[in-house]
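First up is the structure itself, then whatever we jot down about it.
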Amino acid sequence: MSATFRTIWTTAQRDVEVIDQRQLPHAYVVVQLLTYKDADLAIRSMTVRGAPLIGATAAYGIFLAVREMIKEGHDGAFLDEAFSTLRASRPTAVNLFWALDRMRTALDNATDFLEAAWTEAGRIVEEDIETCRMIGVHGLPLIEAIAAQKNSEPVQILTHCNAGMLGCIEWGTITSPIYQAVQKGIKVHVWVDETRPRNQGANLTAYELTRHGVPHTLIVDNTGGHLMQHQMVDLVIVGTDRTTRNGDVANKIGTYLKALAAKDNNIPFYVALPSTTLDMTIKDGLKEIPIEERDQNEVKYVIGKSASGNIEPVLICPETTPAANYGFDVTPARLVSGLITERGICAASEEGILSLFPEYVQNDDLN
Ligand code: MRU
């Protein structure tokens, strides 16, 4: 099994290419990003999505902006505009702001802007790959420990949304321990929440698990509680778009309900994240994490492949019924069994995070 196909890459001409994730699993379509506005649109339209991939796309968006600026003779205001446009592309995943800040610092210290932007965007991508691999190294023992008690029965893992390689560059966060377990011959089975309204579980997680030969079953979002009550889930692992200093976790809408059900049934609920998803400037996730609200039509319509083979939207409610579309919710730290990071597993608490990431001990903003 290989866990290596990439979600973003560059061509010999230094153009940027991504997979159009809106068309998966029905079609594998590659989209070229030639300008920073292409990168911005790719993030806004969810052609690319998932916290680390949003950050990487924004980083390459800045590279493209620098290239345009030089080619077309624009001044620094053009670059400032690119930064502020990309910053506004999506609100919740903190990796976006982290990546843009890193690009800004790289450019502030540069004499050759184009090379600096190219190198820094490339580093962000390469670092994410290694970070996700290490999340797998540290998460694997959790799966091994459960497998040891299961008499060759598969370890039953439930996940929500897509925090797989499609949300990152390679490996993924929640999928990295799973792929590494499968590579070691450990039997796993993944319950895949469909993840309405945009169905990242059905469209993306099921796609990549299929591609990697990992046994899985698609369930509607409301099924998890039932499975947990009947001892059909050993472990829940989800990703996150922003985790606060106190260990509160923002992730795709519906994650909180899974955490509640896991708590009620004594099932471990872990969150896998690269440290680039930590927001150490805030403590209270419920009050301080901006929650994206998206177009109501994503709720009112379901997009799928029709009998005629076309990918098309289908209205599922009266045309005039209003819909609310909150993209994320916040799971309080008290419901999280642990955070699986590239440096190890820690408690979802300030103390736990600082034990692995002592560089964040000083933060004057919060005093
Ligand atoms: O709206 P999306 O598809 O960008 O939401 C993605 C998630 O909620 C993921 O769980 C999260 O970004 C982690 S990806 C490793």
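Comparison of GLY55, GLY61, GLY50 shows that the only residue that is touching a residue at least 24 places away in the same chain (Cβ under 8 Å), farther than 15 Å from GLY122 by Cβ and in contact with a helix residue (DSSP H, G or I) (Cβ under 6 Å, 6 or more places away or on another chain) is GLY50.
For THR7, are the conditions met, namely being buried (at least 19 other Cβ atoms within 10 Å of the Cβ), within 27 Å of GLN180 (Cβ to Cβ) and touching a strand residue (DSSP E or B) at 6+ places or on another chain (Cβ under 9 Å)? The answer is yes for THR7. Residues that are more than 14 Å from the ligand (Cβ to nearest atom) and at negative phi within segment 169-189 comprise GLN180, ALA181, VAL182, GLN183, LYS184, ILE186, LYS187, VAL188, HIS189, listed in sequence order.
Cβ separations smaller than 6 Å between residues 6+ apart or across chains give the following pairs from segment 86-110 residues that are in the same structural domain as LEU33 (by TED's automatic domain parsing) and hydroxyl-bearing (Ser, Thr, Tyr) to residues that are within 16 Å of the ligand (Cβ to nearest atom) and in a helix (DSSP H, G or I): SER89/ASP40; SER89/ILE43; SER89/ARG44.
Can you pull out every residue in segment 39-82 that is surrounded by fewer than 19 Cβ atoms within 10 Å (Cβ to Cβ), among the hydrophobic types (A, V, I, L, M, F, W, C) and farther than 16 Å from ASP112 by Cα?
Within segment 39-82, the subset surrounded by fewer than 19 Cβ atoms within 10 Å (Cβ to Cβ) is 41, 44-46, 68, 70-78, 80-81.
Imposing the further condition that a residue be among the hydrophobic types (A, V, I, L, M, F, W, C) reduces the set to 41, 46, 70, 77-78.
Scanning segment 39-82 gives LEU41, MET46, ALA77, PHE78.
Could you tell me which of the residues LEU166, LEU227, LEU140 is assigned to a helix (DSSP H, G or I) and within 13 Å of the ligand (Cβ to nearest atom)? Give the derivation first.
Details: LEU227 fails: within 13 Å of the ligand (Cβ to nearest atom); LEU140 fails: within 13 Å of the ligand (Cβ to nearest atom).
Residue meeting the stated conditions: LEU166.
Please find, among ALA88, ALA110, ALA65, ALA77, the residue that is within 19 Å of ILE8 (Cβ to Cβ) and of a type in the set (A, V, I, L, M).
Details: ALA88 fails: within 19 Å of ILE8 (Cβ to Cβ); ALA110 fails: within 19 Å of ILE8 (Cβ to Cβ); ALA77 fails: within 19 Å of ILE8 (Cβ to Cβ).
Step by step, each of ALA88, ALA110, ALA65, ALA77 is checked, and only ALA65 is within 19 Å of ILE8 (Cβ to Cβ) and of a type in the set (A, V, I, L, M).
Is there a residue being under 19 Å from ALA206 (Cα atoms) and either crowded, with 24+ Cβ neighbours inside 10 Å or touching a Pro at 6+ places or on another chain (Cβ under 7 Å) (or both) anywhere in segment 243-250? Break it down stepwise before answering.
Taking segment 243-250 first, the residues under 19 Å from ALA206 (Cα atoms) are none.
No, that holds for no residue.
The values are calculated or read from the model by the stated rules, or taken from the named source; none is laboratory data. All of these numbers come straight from a predicted model, not from anything done at the bench. Counting neighbours? That spans all protein chains shown, and the Cβs are built from the backbone with ideal geometry, glycine included.
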